[in-house]
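Worksheet for the structure shown next.
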Amino acid sequence: MAVNIYDTANQLEQDLRNTEEFSQLDAAFTAVKEDEEANQVFNEFRQVQQTIQQKQMMGQEISEEEAKQAQEISSKIGENELISKLLEAEKQVGQMIDDINQVVLKPVRELYQ
């Protein structure tokens, strides 16, 4: 019997969408998008985060101004309950995906032991 690993992956994608963790992430993201202030702060956070990550990947230094901007946006994030809930929900989904990744990669890790 041949196994179609892509069918399994597609089923996993559907199962992920049906988890409580993903439902909470979806609800938290919707709440942020619907709140003008939270959405603006979150978009600013994502922009700052993306800029810093790109610089780090290219081995560039982060300027003092960029570091200050990151600190300021982090403070705003911490003060906004909607964004805090979103980040916590992202963390939960990320942990679940990490756990799944460990299971999926187990055969490859075992080969190299």
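The values are calculated or read from the model by the stated rules, or taken from the named source; none is laboratory data. Note that the structure is predicted; figures quoted are calculated from it, not measured. Please note: Cβ atoms are built from the backbone with ideal geometry, for glycine as well, and neighbour counts cover all protein chains shown.
Taking first residues from the stretch 95-111 that are touching a residue at least 12 places away in the same chain (Cβ under 8 Å) and partners that are among the hydroxyl-bearing types (Ser, Thr, Tyr) and surrounded by 10 or more Cβ atoms within 10 Å (Cβ to Cβ), the Cβ contacts under 8 Å between residues at least 6 apart in sequence or on separate chains come to MET96/THR19. Under the condition of being part of a helix (DSSP H, G or I), in contact (Cβ under 8 Å) with a residue 12 or more places away in the chain and either in contact with a strand residue (DSSP E or B) (Cβ under 9 Å, 6 or more places away or on another chain) or not acidic (Asp, Glu) (or both), the residues counted in the stretch 12-26 number 5. In the stretch 60-113, the residue that is modelled with the lowest pLDDT out of those that are of a type in the set (Lys, Arg) and either in contact with a helix residue (DSSP H, G or I) (Cβ under 9 Å, 6 or more places away or on another chain) or surrounded by 13 or more Cβ atoms within 10 Å (Cβ to Cβ) (or both) is LYS76. For GLN60, the criteria (1) in contact (Cβ under 8 Å) with a residue 24 or more places away in the chain; (2) outside any helix (DSSP H, G or I) hold in every case but one, which is (1).
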